[in-house]
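The block underneath contains the structure these notes are about, expressed in C-alpha cells.
Nothing in this text is a laboratory measurement; each read-out follows from the coordinates by a stated rule. On a predicted model such as this, the values are computed, not experimentally measured, just so you know. Note: ideal-geometry Cβ built from the backbone for every residue, glycine included; neighbour counts use all protein chains shown.
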Amino acid sequence: MRRFTSGAGQLRMLLRQVMRSPRRALLTFLGLVVAFFLFTALESVLYTLEELLAQNASETGIFMRPRSRASFFRAALPIRYVEQVRDVDGVVEASPARFHFGAGVHEGSFVVVVGVDPPSYLRLRPLEGVSEVEAQAFRGDRRGALMGARILASNGWEVGDEVTVRGRGRVPDLSLRIVGDIGQGDRMGRVALAHIDYLAQVMGGQGRAAFIQARVAHPSLALAIARSLDERFANFAVPTRTRSERSHAAGILANLSDVLVGLRTIGYLALVITILVVGNAVAMGVRERTMEIGTLRALGFGRGRVMALVVGEAMLLALAGGLAGALGAYALFESGWIAVPRMTDLSLHSDASVLARSALLSLPVGALAGLVPAFSAVRRPISEALHGAD
Amino acid sequence: MTALVEISSLRKSYWRGQSEVPVLADLDLRVERGEFVALMGPSGSGKSTLLNLIAGLDQPTEGSLRIAGHEIGSLSDRALDRWRNRSIGFVFQFYNLVPVLSAFENVEVPLLLWPISREERTGRVTAALRVVGLADRMEHRPGELSGGEQQRVAIARALVTDPLLVLADEPTGDLDERNADEVLALMRLLNRAGGKTFVMVTHDPRAAAQAGRIVRLEKGRLVDEAA
Ligand SMILES: Nc1ncnc2c1ncn2[C@@H]1O[C@H](COP(=O)(O)OP(=O)(O)OP(=O)(O)O)[C@@H](O)[C@H]1O
Ligand SMILES: [Mg+2]
C-alpha cells in the first residue's frame, strides 16, 4: 500500500511527461495506431484462413480426387469407386460430390451448387440448421435442394420456391425446388446442396464425381487408408489421389505459405518501424529535459528508476496506440464488413486471441523503443546534466 | 560533537585526455551544524565543483569528505542516491522545477521515493509550501509563477525532506534585486529560526552578506575566511 502511493505519484509524473508535447504525442500515437491496425488486420486475415481450413478439415475425414489435377472441377472420378471405398475396413461412410457453378436472379449472385448423394452425404457430416424434416424432404425429392442463407437472402428466395440457378458459360441452367436452408454462416452461405444424379442428368457425365469424401473410424487410420485406396485404384482408368482432410488443408496452407510468410513479415516490419518511431519521439523528449533528469538524479532518483520512467513513457505510448489500432482492426473485421464476395463469399473475421496478441505486443515494442533513450538519459554525469543540454 | 561537514586534504582533478586538470587542491573546510556559509570566488575557481562534491554528485580524487560522520567518497552509487534524497536539499540557479508538474507536485518529487502514506506526504508538502509563503499557489505550474516564486518552490522542495544540509548554487543569480532579497530573507529565516545548515555559492556580495561566514576560493584553494 505504501509503495503503491509513491508509485502512483511516479505514474502521474510519467503521464504528464507523455503529454508534455501534445503534438508529438499525438503524431506518435497515430503512427502506432496505423502500424497496429495493419498488424492486427494482417493477423486477422491469416487467422481467418487458418481457421477456415481447420474447421473444414475433420480428423477422421479423407478426401479423394483424380490424380491428374486439371480434371478436378470436371467430374472425372467414377462414382462406383464409392462402393469400393465404403467396403474398405475402417471406412465408416463415403459419398461423392460434384459442382455446378451458377448464378441466381441477377448476375453476381453466385450460387455454388454441390451435387451430393443425399443419404450418404447427410450421414457423413451433420449439417447445422437442417432439421430431420428438411433432410427427409431433400432425400425424397430428386430436384430438391438445401440452400445457404446468403443465397436465399440475396435472391429473395424462400423454402418451398421453385427456382432456376442459371449456368455460366456453356453450363446449362438448373431448376431446383428449395426444401430447406443451411445455417452454417459464411462457410455454407452461398452453397446449395442438390442431388448428384440430377446434376448429371442436366450437365452430363452420368456416374462421375469431382471428388469422394469419406469418414474413417479413427483419426489414426486416415493416412493408411488413404494410401491403400490410391494403391487399389492405381491401375484403374482414373487413378486417384487421396489425403486426409487435415493434410489436404495443410497442403493448401503450404501452397499459400509464401503469401502467408510475406503477410506476416509485413506485419512485423510495421511493428519494427514503430519501435523506431516511438524510440525517436521518446529520445527527443529525453534530450529536451536533460536538466530535469539531472535534477531528478540529484534529488535521489537512481539510474534504474530514471530508466524505468523513460521506458515506462515509451510503453505507455505504445500501449495506448497499440490498443487503439488493434481494437480498430478487430472491430472492423468482426463487424463482417470486409468480405471477399468474388472469391468464396467468405467474410474475413478476427478473434479475441488475435486482438490480445497484438495489444500485448505493444508492451515489448514500447520497452524496446524506450531502451536506447533510457540509457542516454542516465549516461551523463549528474553535475553535467544539471547544466542542461550541451 | 563533530562538525556537520569535515573536509580535509581534498583534491579534485578532471582529466582532459592524458592531462590532469586540477580543480581543487589540498582543501580543508569545516561547516558546523546550523551555520550559513557563503562560498565566493572568481568564475572557474571551483565553487560548483566543491558544492557538487559535498552533495555527493561527484567523487573526490583524493582526500576525505565527511558529512555527519559518513565518508561520502566511499559510498556506492546507490547509497549516494539514497543519501542525497534523505540528507541533502538542493537549490539551483535556474530553479530546476519540472514544468509539467504543479508547485505541489514539484515539492512532492523527492518524497515519491519515501515509503510513506499519501496523507503524510501531502502534510509535509503543504507545510513546506506554507513555510515559503506559497500555500495559495500550490496548483500553479512553474510557468505561471515569477522567478522568485519558482525559487521559493525550489526551496520548499529542498526543505520537504528535512535535510541535514541545504546546498545552493547561486540561488539569486537569476533573480532581480527584490526577488533576490526575498529569497535570501527566506533562507536566512530558515537558518536562524529553523536551524537549517546552508552552504551557498554566490557572486553577489549582498547575498554573501546574509551568510554567517564567507569562504573564498581562488584557483581551487581557500584563500581566507572572513567572519
Ligand atoms: N566535467 C568537467 N570536466 C572538465 N573540467 C571541468 C568539469 N567541470 C568543471 N571543470 C573545470 O573546473 C573548473 C572549476 O569549475 P567550476 O564550475 O567549479 O567553477 P565555478 O567556481 O563554479 O565557476 P562559476 O562561478 O563560473 O560557476 C573550471 O575550470 C572548469 O572548466
Ligand atoms: Mg559554478
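Points worth noting:
- GNM remark for chain A: springs join alpha carbons under 10 Å apart, and the peak mean-square fluctuation among A:Leu42, A:Leu199, A:Leu26 falls on A:Leu26.
- DSSP bridge analysis restricted to the protein assembly as shown gives an antiparallel fraction near 65%, rounded to the nearest 5.
- For chain A, the longest principal axis of the alpha carbon atoms and the long axis of helix A:222-233 meet at an angle near 40°.
- Likely footprinting exposure, B:Ser43, B:Ser8, A:Ser21, fewest C-beta neighbours within 10 Å first: B:Ser43, B:Ser8, A:Ser21
- Cα lying deepest toward the dipole's positive end in the protein assembly as shown, options A:Gly90, B:Gln210, A:Thr274, charges on Cβ: A:Gly90
- Most positive-pole-ward Cα, B:Leu113, B:Ser45, B:Gly148, against dipole of chain B from beta carbon charges: B:Leu113
- Relative contact order of chain B, defined on C-alpha pairs under 8 angstrom at six or more residues apart (%): 29
- When both segment A:80-153 and segment B:89-144 are represented by their alpha-carbon centers, they are found 77 Å apart.
- Placing unit charges on the Cβ atoms only, positive for Lys and Arg and negative for Asp and Glu, gives chain B a dipole magnitude near 340 debye about its Cα centre.
- Put in line by how crowded their Cβ is, counting other Cβ atoms within 10 Å and starting with the fewest, A:Leu269, A:Leu260, A:Leu368 read A:Leu269, A:Leu260, A:Leu368.
- Chain A: angle of helix A:22-56 to the longest principal axis, Cα-based, in degrees nearest 10: 20
- With the convex hull of its Cα atoms as the shape, segment A:196-349 has an orientation-averaged projected area of 17.5 nm².
- Dipole check for the protein assembly as shown: with +1 at the C-beta of Lys and Arg, -1 at the C-beta of Asp and Glu, and the Cα centre as origin, the magnitude is about 860 Debye.
- Share of pairwise Cα separations in segment B:5-226, more than 22 Å, in percent: 51
- Residue with peak Gaussian network fluctuation, chain B [Cα springs, cutoff 10 Å], from B:Val132, B:Val166, B:Val109: B:Val109
- FRET efficiency for A:Asp87 and A:Ile252, using Cβ-Cβ distance with R0 set to 30 Å, rounded to 0.05: 0.55
- For the protein assembly as shown, the residue among A:Pro373, A:Ser257, B:Leu184 whose Cα projects farthest onto the positive side of the dipole built from Cβ charges is A:Ser257.
- Exposed GluC sites (Glu not before Pro) absent: longest stretch of chain A, with sites in DSSP loops and at most 13 other Cβ within 10 Å deemed exposed: A:159-390
- Working note: Karplus 6.51/-1.76/1.60 with θ = phi - 60° gives segment A:96-102 the couplings x, 8, 8, 10, 9, 9, x Hz, where Gly and Pro are set to x.
- Of B:Leu217, B:Leu53, B:Leu75, the one that fluctuates the most in a GNM where chain B has Cα springs shorter than 10 Å: B:Leu75
- Nearest-20 debye value, segment A:61-217 charge dipole, Cβ charges on Lys, Arg, Asp, Glu: 760
- For chain B, the longest principal axis of the alpha carbon atoms and the long axis of helix B:177-192 meet at an angle near 80°.
- C-alpha center-to-center spacing [segment A:189-211, segment A:232-279] in angstrom: 30
- Based on every Cα atom in the protein assembly as shown, Rg and the maximum pairwise Cα distance Dmax equal 40.3, 122 Å.
- Three-way shape call for segment A:61-217 based on the alpha-carbon gyration tensor, with the a/c threshold at 1.5: oblate
- Over chain A, DSSP H runs of length four or greater, each weighted -39,500 (n - 2.57), average out per residue to a 222 nm ellipticity of -19000 deg cm²/dmol.
- Put in line by how crowded their Cβ is, counting other Cβ atoms within 10 Å and starting with the fewest, A:Ile196, A:Ile338, A:Ile275 read A:Ile338, A:Ile275, A:Ile196.
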